[in-house]
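The values are calculated or read from the model by the stated rules, or taken from the named source; none is laboratory data. Model, not experiment: these values are computed from the prediction. Ideal geometry is used to build each Cβ from the backbone, glycine not excepted, and the neighbour counts take in all protein chains shown. Please note that ligands, DNA and RNA were not included when accessible areas were found on the heavy atoms of the full protein model with its side chains. Shrake-Rupley method; radii C 1.70, N 1.55, O 1.52, S 1.80 Å.
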Amino acid sequence: MKLTVLDGYALNPGDLTWDSFKQFASVTVYERTPLNSVINHIDDSDAVLLNKIIITPDILKQCPNLKYIGILATGYNVVDVKAARKFGVTVTNVPSYSTMSVAQHVFSFITAFTNHVQLHSDSVMKGRWTSCPDFCYWEAPLTELAGKTLGIFGYGHIGERVALIGQAFGMNIICCPHRLKEGIPSPVSPDELFQKSDFLTLHAPLTPETTEVVNRRTLSLMKESAYVINTARGGLVNEKDVRTALDHGRIAGYACDVLTTEPMKDDCPLLGAPNCLITPHIAWAPKETRIRLMDTAFKNFECYLKGSPQNVVS
């Protein structure tokens with residue numbers, strides 16, 4: 001059994017190990033695979049692990065030995081699953097591994113907007129407190145979360161966890177699921193979600209129905225004091241419309257961990273935007289989370305070899 005990891009650096013930049021896979025296969029690890037090297041890197045592999053490498057029907061056709069693709073993520077849009085089915089390739093993913101860390105990241109954004117910790121720490125370190133005539137000061141308005149409305153678009157595992165944390169802060173929770181589901185707390189329509197939210201956080205998959213759900217029209221429904229948080233998919237927002245809203249003070253702020261194009265390009269509309277926080281797709285990346293991902297990826301591979309595959313998407 002020959003197993004090749006096509007883009008292993010994101011999951012394991014050196015602080016984890018691929019050793020568990022070696023008990024079942026000869027393992028080759030590429031930190032990254034350029035588009036023009038995908039077929040060469042796969043070569044005669046029986047199985048591959050990948051994160052963002054795109055697998056097309058043509059690649060599958062040219063790699064006849066390939067029978068297993070383990071996606072090192074939850075989303076599986078990088079693989080043409082219909083083609084994989086046609087060529088007899090089993091495809092698995094890793095669901096729900098990052099629920100805790102992504103929900104945590106959402107509130108790191110929210111509290112960055114409400115408490116401005118870095119801003120105030122920087123001012124203290126520059127000496128302002130030492131020359132202050134009062135025992136305290138603030139560089140920007142501070143906001144208490146209790147009583148504010150937290151709107152959640154999409155209500156899967158991460159949306160549920162975000163709701164629980166919001167409740168612990170004393171926030172009012174409203175939800176708009178991206179599909180019908182039992183047990184939604186205070187369900188509202190999409191327009192109501194935009195109109196009522198003080199903080200709107202996105203947790204839906206990217207589908208034709210959810211693409212650019214945040215756009216000029218929906219942003220116009222929001223309070224000027226409202227914030228939008230996106231840790232789901234960049235394509236859920238129209239980035240040009242968000243930039244325009246920020247430039248004209250139509251919303252108070254935007255924070256995201258994801259962009260339409262990653263890594264960020266020089267012409268991204270959000271680059272340099274006012275009242276905008278951007279992190280480089282790291283909400284999933286705490287070591288504890290990556291260990292969980294690695295463990296599930298290994299279990300997926302082991303179950304496949306034993307004839308009882310789990311987390312199969314094709």
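Computed over protein heavy atoms with a 1.4 Å probe, the accessible surface of segment 19-102 works out to 49 Å² per residue. Listed by chain and number, the lysines placed with their C-alpha closer than 19 angstrom to that of Lys22 are Lys2, Lys67, Lys299, Lys306; residues fewer than eight positions away on the same chain are left out. Result for the chain in a Gaussian network model with C-alpha springs under 10 Å: among Thr210, Thr143, Thr33, the largest mean-square fluctuation is at Thr143.
By the Stokes-Einstein formula, at 1.002 mPa s and 20 °C, segment 1-156 with its Kirkwood radius over alpha-carbon pairs has D equal to 110 µm²/s.
Solvent-accessible surface (1.4 Å probe) assigned to Glu139 amounts to roughly 80 Å². Solvent-accessible surface (1.4 Å probe) assigned to Cys176 amounts to roughly 10 Å².
Charged side chains reduced to their Cβ positions (Lys and Arg at +1, Asp and Glu at -1) give the chain a dipole of some 580 debye around its Cα centre.
Under a Gaussian network description of the chain, with springs only between Cα atoms under 10 Å, the residue in Arg290, Arg32, Arg179 that fluctuates furthest is Arg179. In loop segments of segment 120-149 as defined by DSSP, the chymotrypsin sites (Phe, Trp or Tyr not before Pro) with at most 14 further C-beta atoms inside 10 Å of their C-beta are Phe135, Tyr137, Trp138. Axis angle, to the nearest 10 degrees, between helix 287-305 and the longest C-alpha principal axis of the chain: 30 degrees. Only one of [x] 1.01; [y] 1.13; [z] 1.49 was calculated from the structure for Cα Rg over 2.2 N^0.38 Å, and its label is [y].
Straightening the chain between Ala10 and Phe24 buys 2.8 nm, computed as 0.36 nm per residue apart minus the Cα-Cα spacing. Spread over its residues, the convex hull of the C-alpha atoms of segment 246-314 is 139 Å³ per residue.
Only lysines eight or more places from Lys240 in sequence, or on another chain, were considered; those with a Cα closer than 28 Å are Lys52, Lys148, Lys196, Lys223, Lys265. Normalised by the number of residues in the chain, the average gap of Cα pairs under 8 Å and 6 or more apart makes the relative contact order 16 percent. Separation of segment 92-110 and segment 235-314, taken as the distance between their Cα centroids, equals 10 angstrom.
Simple rule: put +1 on each Lys or Arg Cβ and -1 on each Asp or Glu Cβ in segment 171-314, find the dipole, and look at Val228, Thr207, Thr261; the Cα lying farthest toward the positive end is Thr207. Ligands, DNA and RNA left out, the 1.4 Å accessible surface of segment 120-235 is 55% carbon and sulfur atoms.
If you add up the charges near Asp15, with Lys and Arg at +1 and Asp and Glu at -1, over every other residue whose beta carbon is less than 13 angstrom from its beta carbon, what do you get? So the surrounding residues net to +1. Positive-end ranking of Pro133, Pro64, Ser123 along the dipole of segment 63-207, with charges on Cβ about the Cα centre, is headed by Pro64. With one equal scatterer per alpha carbon and no solvent term, the Debye-computed log10 I(q)/I(0) for segment 176-226 at 0.18 1/Å reads -0.60. Alpha-carbon geometry of segment 188-267: the Rg and the Dmax are 11.8, 37 Å, given in that order. Projecting the Cα atoms of Ala285, Leu16, Asn51 onto the charge dipole of the chain, computed from C-beta unit charges around the Cα centre, puts Asn51 farthest toward the positive end. Among the aspartates and glutamates, select those whose C-alpha is under 14 Å from the C-alpha of Lys86, and discard any that sit fewer than 8 residues away in the same chain. Hits, sequence-local ones excluded: Asp58.
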